[in-house]
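Enquirer: Dumping the structure here so I can ask a few things about it.
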């Protein structure tokens with residue numbers, strides 16, 4: 001699913017007028033699950049000569065818990081698992097990640113700002129932070145100079161931000177959501193050192209208790 005297609009509807013929904021959206025008061029626990037695609041915006045190379053160490057498109061599954069206050073604000077804790085494969089534009093021998101599978105575990109929290117509009121839709125944006133744990137599936141990796149690295153998992157602090165929209169099913173606590181987010185962190189392992197911006201996008205289901 002294209003990220004541009006996924007979120008172009010947010011701008012259209014924002015033009016709707018409020019009124020048909022059911023008003024919510026007080027604080028309500030919520031739970032959600034989602035899944036979809038994964039990609040990294042930046043490759044791992046620096047300098048003028050690049051081996052184009054980057055990533056193929058992967059997948060993600062995740063979910064979280066939170067508290068929604070009224071219609072406009074929610075505090076959420078999130079976890080996402082993603083898997084992807086490294087690749088290179090040049091010789092495999094020049095890229096320590098080429099053909100190797102990597103798992104990523106993203107976890108943290110965010111503050112979500114919602115804008116309820118007509119027909120039960122609510123576009124939203126969010127920001128927060130947490131950490132990313134990168135877990136190589138191979139037992140050993142090699143740098144472009146031939147140096148061997150033990151492929152141990154590592155964890156880095158990360159900033160998190162994104163946007164999406166949710167449709168609340170009438171007369172129930174269930175919702176259908178589409179969301180995309182970014183995780184910004186520093187990769188400093190296996191002879192590579194550069195800021196990374198990983199993105200996840202997809203669809204999910206939510207449930208708000210005490211509706």
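The values are calculated or read from the model by the stated rules, or taken from the named source; none is laboratory data. Values in this document were obtained by computation on a predicted structure and should not be read as measured data. A quick note on method: Cβ atoms are made from the backbone with ideal geometry, for glycine too, and the neighbour counts reach across all protein chains shown.
Enquirer: Among (1) at pLDDT below 95; (2) under 18 Å from residue 204 (Cα atoms); (3) touching a strand residue (DSSP E or B) at 6+ places or on another chain (Cβ under 6 Å), which single condition is residue 8 missing?
Expert: Unmet condition: (3).
Enquirer: May I ask you to say which residue of 148, 122 is at pLDDT below 95 and touching a helix residue (DSSP H, G or I) at 6+ places or on another chain (Cβ under 9 Å)? Show your work before the answer.
Expert: Numbers: 148 fails: touching a helix residue (DSSP H, G or I) at 6+ places or on another chain (Cβ under 9 Å).
Within the list 148, 122, the selection yields 122.
Enquirer: Can I ask one more? Taking the stated definitions as given, is residue 51 modelled with pLDDT of 50 or more, crowded, with 18+ Cβ neighbours inside 10 Å and assigned to a loop (DSSP other than H, G, I, E, B)? Give the derivation first.
Expert: Numbers: modelled with pLDDT of 50 or more: yes; crowded, with 18+ Cβ neighbours inside 10 Å: yes; assigned to a loop (DSSP other than H, G, I, E, B): yes.
Against the criterion (modelled with pLDDT of 50 or more, crowded, with 18+ Cβ neighbours inside 10 Å and assigned to a loop (DSSP other than H, G, I, E, B)), residue 51 qualifies.
Enquirer: All but one of (1) under 20 Å from residue 36 (Cβ atoms); (2) buried (at least 17 other Cβ atoms within 10 Å of the Cβ); (3) modelled with pLDDT of 90 or more hold for residue 75, so report the exception by its number.
Expert: All conditions pass for residue 75, except number (1).
Enquirer: Output the residue which, of all residues in the stretch 125-141 that are over 18 Å from the mean Cα position of the chain (by Cα) and surrounded by 18 or more Cβ atoms within 10 Å (Cβ to Cβ), is modelled with the lowest pLDDT. Steps first, please.
Expert: So the first thing to find is which residues in the stretch 125-141 are over 18 Å from the mean Cα position of the chain (by Cα), and the list is 136-141.
With the extra rule that they be surrounded by 18 or more Cβ atoms within 10 Å (Cβ to Cβ), the set shrinks to 136, 141.
Working: 136: 85, 141: 62.
Taking the candidates together, the pick is 141.
Enquirer: Of all residues in the stretch 166-183, how many are assigned to a strand (DSSP E or B), over 19 Å from residue 136 (Cα atoms) and out of contact with any helix residue (DSSP H, G or I) (no Cβ under 7 Å at 6 or more places or on another chain)? Explain how you work it out, then say what you get.
Expert: Residues of the stretch 166-183 that are assigned to a strand (DSSP E or B), as a first pass: 166-168, 174-183.
Filter again for over 19 Å from residue 136 (Cα atoms), leaving 166-168, 174-182.
Adding the requirement that they be out of contact with any helix residue (DSSP H, G or I) (no Cβ under 7 Å at 6 or more places or on another chain) leaves 166, 174-177, 179, 181-182.
Matching residues across the stretch 166-183 total 8.
Enquirer: Restricted to the stretch 105-118, and to residues that are outside any strand (DSSP E or B) and surrounded by 15 or more Cβ atoms within 10 Å (Cβ to Cβ), which residue is modelled with the lowest pLDDT?
Expert: To start, the set of residues in the stretch 105-118 that are outside any strand (DSSP E or B) comprises 115-118.
Applying the additional criterion that residues be surrounded by 15 or more Cβ atoms within 10 Å (Cβ to Cβ) yields 115-117.
Values: 115: 92, 116: 85, 117: 81.
Restricting to residues being outside any strand (DSSP E or B) and surrounded by 15 or more Cβ atoms within 10 Å (Cβ to Cβ), the top hit is 117.
Enquirer: Moving on. Taking the criterion of being within 23 Å of residue 56 (Cβ to Cβ), out of contact with any strand residue (DSSP E or B) (no Cβ under 9 Å at 6 or more places or on another chain) and either at pLDDT below 90 or not in a strand (DSSP E or B) (or both), would at least one residue in the stretch 191-208 satisfy it?
Expert: Yes, the stretch 191-208 contains at least one residue that is within 23 Å of residue 56 (Cβ to Cβ), out of contact with any strand residue (DSSP E or B) (no Cβ under 9 Å at 6 or more places or on another chain) and either at pLDDT below 90 or not in a strand (DSSP E or B) (or both).
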